[in-house]
Every structure is written in C-alpha cells, then in structure tokens.
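Q: Can you read through this structure? Questions will come right after.
The values are calculated or read from the model by the stated rules, or taken from the named source; none is laboratory data. Predicted model, so just to flag it, every value in this text is computed and none were measured. Don't worry about glycine lacking a Cβ; one is built from the backbone with ideal geometry, like all the others, and counts go over all protein chains shown.
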Amino acid sequence: MSLTTYVFGIVSALLVLIVVIELLRRRHLRERHAIWWLIAGVLALVAGVFPDTLTWTAALIGVEVPINLVFFGSIAILFLVSLQYSSELTQLESKTRTLAERVALIELEMLRQSTEDRDN
C-alpha cells in the first residue's frame, strides 16, 4: 500500500467521523440514526490505521480478497440503516394515520356542536 493510499484512508475515515459528530452536535442528526455511521467510521479508521487488521479479519472469516470484506461490511451497514429507516417510517405512518383520525373525529364533534347550537 502506498503512503498516499494509507493517508487517504485515514483522512477519509476521520472526515466521516467529524461530519457525523458535527451533525450530532448541531442536532441535525439523532443518536439512534448516527450509530451505524459512527460504527462505519470507526471500522474504516481501524482499517486505515492498521491495514493488516483487514487482511487478518478476511483470512479469519475465509474471504479471499480483503476488499470484498470491505464491500460486504459497507453493504451490511447500509442495509441496517435502510432497515432502521423503514421501521421508523412505518411507525410514523401509523402515528400520522392515528392523528388524522383523531383530528377528523374532533372536527366532526365540533361540527355537531355548532349545528346543535344553531338549532337551539
């Protein structure tokens, strides 16, 4: 591995961690959303600082080409992020439907009361 590649890997991982932490600090990203990005950043930093760790892990798992392990790990993290967002979207849709039904019932009750008041 060349020095340029080594430095680029470390700088990229640090940049990911800095961006995620800054988004957390400014409250543009919630902790439960940031966890997978932090894990990815830390793993990338470990692989960047200690490149032999990636080779060792790939050999331990039985992956022939270490970069394939990186791709698999990246896809797995993106899958988990997508799954988390899908779960939260489903919950929000359910809450939105419940709120819309409650508002409709309140409006119906208000309409009935205004009709009764006019009739009296």
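Q: Do we find that Thr53 is of a type outside the set (A, V, I, L, M, F, W, C) and surrounded by fewer than 15 Cβ atoms within 10 Å (Cβ to Cβ) in this structure?
A: Numbers: of a type outside the set (A, V, I, L, M, F, W, C): yes; surrounded by fewer than 15 Cβ atoms within 10 Å (Cβ to Cβ): yes.
Here the answer is yes, as Thr53 does meet what is asked.
Q: Looking at Glu64, Glu22, can you tell me which residue is exposed (fewer than 10 other Cβ atoms within 10 Å of the Cβ) and closer than 30 Å to Tyr6 by Cα? If you could, list the steps in order and put the result at the bottom.
A: Numbers: Glu22 fails: exposed (fewer than 10 other Cβ atoms within 10 Å of the Cβ).
Of the residues listed, the single one that is exposed (fewer than 10 other Cβ atoms within 10 Å of the Cβ) and closer than 30 Å to Tyr6 by Cα is Glu64.
Q: Now a separate question. Under 8 Å between Cβ atoms, at least 6 apart or on separate chains: pull out the pairs that start in the stretch 72-94 with a residue that is within 17 Å of Ile35 (Cβ to Cβ) and end on any residue that is surrounded by fewer than 11 Cβ atoms within 10 Å (Cβ to Cβ) and at pLDDT below 95.
A: Gln84/Arg32
Q: Within the stretch 34-43, can one find any residue that is exposed (fewer than 13 other Cβ atoms within 10 Å of the Cβ) and free of Cβ contacts under 8 Å to residues at least 12 places away in the same chain?
A: Taking the stretch 34-43 first, the residues exposed (fewer than 13 other Cβ atoms within 10 Å of the Cβ) are none.
No, the stretch 34-43 contains no residue that is exposed (fewer than 13 other Cβ atoms within 10 Å of the Cβ) and free of Cβ contacts under 8 Å to residues at least 12 places away in the same chain.
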